[in-house]
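Heads up, the thing below is written out as structure tokens.
Read the figures in this text as sums done on the coordinates, not as results from a lab. The model shown is predicted, which means the values in this text are computed figures rather than measured ones. Glycine gets a Cβ as well: all are built from the backbone with ideal geometry, and neighbour counts include every protein chain shown.
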Amino acid sequence: MKDSNTDVSKVLTPVLWFFQEVFCCEIVSISDDIMAFMEIESISGNENEVAAWLVSYLASFGYDAEHQSVEGRSNVICNLKSAKLLFCSHIDTVPPFIAPTLKDGVIHGRGACDAKGVIITQIATAVRLTQQGLLSPSDIGFAYVVGEETDHIGAKYLEQLDFSVQMAIVGEPTRNLLCTRGMGLLKLEFTTAGIAGHSAFPESGRSAVHELVSVLDQLEITVGSNPEFDMGTSLYNIGVLTGGTAANVHAPSATATVLYRLAEASSAVISRVDTLLEDVPHTSYSIISLFEPIVLASCDGLETDIARFNSDARYLLSKAESTFLIGPGDIRVAHSEQEHITLESISDGIERMITLITTILKN
Ligand SMILES: [Zn+2]
């Protein structure tokens, strides 16, 4: 027994050593590339320098990427006409810029997971797919867009181009879980009109704040669920509340901005809001922004999740037979001072994407 064990280890050790070396080199190079990408500040509206960097980065792997002009800004696109598989994500970040640092296998800084780390992981996956002969370089396309964090203008321009692919992978930090559904978003501004007067005399005026607070207190009845989407109940947040002029004056006006995360069609929430306001004569609302919930593609064997955040995935739905939303990193640290990505989640992300891609393209 002893002899045979020794024999096996003699064979296995060089093989393990080889894979460890290859893996270590790859992950070191990926983390260096993510840091270099993050060094370039690219807060929404200021993406041109990072777009130029990404074009040369793709060229270093033999990909001939180009710029798509977006009102003086620049998406980076490659192989849209020939690709079966499209990798897509966004090159803008939220403010403020936070310079990258690497410690104990974790990269911290702005864009670490949202979404520069995700983009480099996608490109590393593409390189792996071609090295392993699973796809040819021309089978793989890239679309890295501007403005995802604000008005999705880059994705809207991308959607106008004439192309179609078999599968699109939209990269966001989903902890490598496949998000098969995405909550919608509805932003409402409520406005209440009051009449100013001395607060010692209730009959001398009418407080807009009192009426608006009473409406906001009942918002719970405006949210519901839809089994078709299977995302639980819609959520709401009263993010901004303003009104009144002084403590001793009936407030002449008040406004509140409410953001709903939709687990159902927006019309369901809007109709409940209309019903709520039927008996509230001085309060009205306007729709500031609206995105309906989306259903995305799934893949047997991969763990799934619900994306509570908005993304560019909806703009790929008309371009791809199947649109997937997945990437390393955790959205819960994105947009914060603690934004980070672990090298472990990057390696795991590459493996899961390869499983996803080979499963889908084989069918
Ligand atoms: Zn993002």
| task | Check the chain and count each lysine pair with an alpha-carbon distance under 14 angstrom, considering only pairs eight or more places apart or from different chains. | result | 5
| So what's the back-of-envelope 222 nm ellipticity for the chain, counting only DSSP H runs of four-plus at -39500 (n - 2.57) apiece and dividing by all residues, rounded to 500? | -10500 deg cm²/dmol
| query | Along the stretch 262-273, what does the Karplus equation 6.51 cos²θ - 1.76 cosθ + 1.60 (θ = phi - 60°) give for ³J(HN,Hα), rounded to whole Hz, x for Gly and Pro? | reply | 8, 9, 7, 5, 4, 4, 5, 5, 4, 5, 5, 5
| Measuring from label point to label point, each 7 Å out along Cα→Cβ, what is the GLU344 to GLU303 span in nm? | 1.2 nm
| query | Of the listed peptides 140-147, 232-239, what is their order by residue-averaged count of other C-beta atoms within 10 Å, with the highest listed first? | reply | 140-147, 232-239
| message | I need to check one value: relative contact order of the chain, counting alpha carbon pairs closer than 8 Å and at least 6 residues apart, in percent. | response | 22 percent
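At a Förster radius of 30 Å, what calculated FRET efficiency corresponds to the Cβ-Cβ distance of ILE287 and LEU102, to the nearest 0.05?
Details: r = 44 Å, r/R0 = 1.45.
Once the sixth-power term is evaluated, E becomes 0.10.
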| In nm, spacing of pseudo-spin labels at SER214 and ASP32 (7 Å Cα→C-beta vector) | 6.8 nm
| note | Under the Karplus relation with 6.51, -1.76 and 1.60 and θ = phi - 60°, whole-Hz ³J(HN,Hα) for the stretch 181-189, x at Gly and Pro, equal 9, x, 5, x, 9, 9, 10, 10, 10
| said: Can you give me the orientation-averaged projected area of the convex hull built on the Cα atoms of the stretch 184-291, in nm²? | reply: 6.6 nm²
| query | What size of dipole, in debye to the nearest 20, comes out for the stretch 227-349 about its Cα centre when the only charges are +1 on Lys and Arg C-beta atoms and -1 on Asp and Glu C-beta atoms? | reply | 520 debye
| note | Answer in debye to the nearest 20: the dipole magnitude of the chain about its Cα centre, from +1 Lys/Arg and -1 Asp/Glu charges placed on Cβ, is 300 debye
| remark: Given a Förster distance of 22 Å, the FRET efficiency implied by the Cβ-Cβ spacing of LEU276 and VAL240, rounded to the nearest 0.05, works out to 0.70
| field | Distance in nm between pseudo-label sites at GLU321 and LEU134 (7 Å out along the Cβ direction from Cα) | value | 1.7 nm
| task | Evaluate E = 1/(1 + (r/R0)^6) for GLN166 and ALA52, where r is the Cβ-Cβ distance and R0 equals 25 Å; express this FRET efficiency to the nearest 0.05. | result | 0.25
| Sorted from largest down, what three extents in whole angstroms do the Cα atoms of the chain have along their principal axes? | 97, 53, 41
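Which order do the peptides 159-172, 296-309, 279-292 take when ranked by the mean count of other beta-carbon atoms within 10 Å per residue, highest first?
Per-residue Cβ counts within 10 Å, averaged per peptide and sorted highest first, yield 159-172, 296-309, 279-292.
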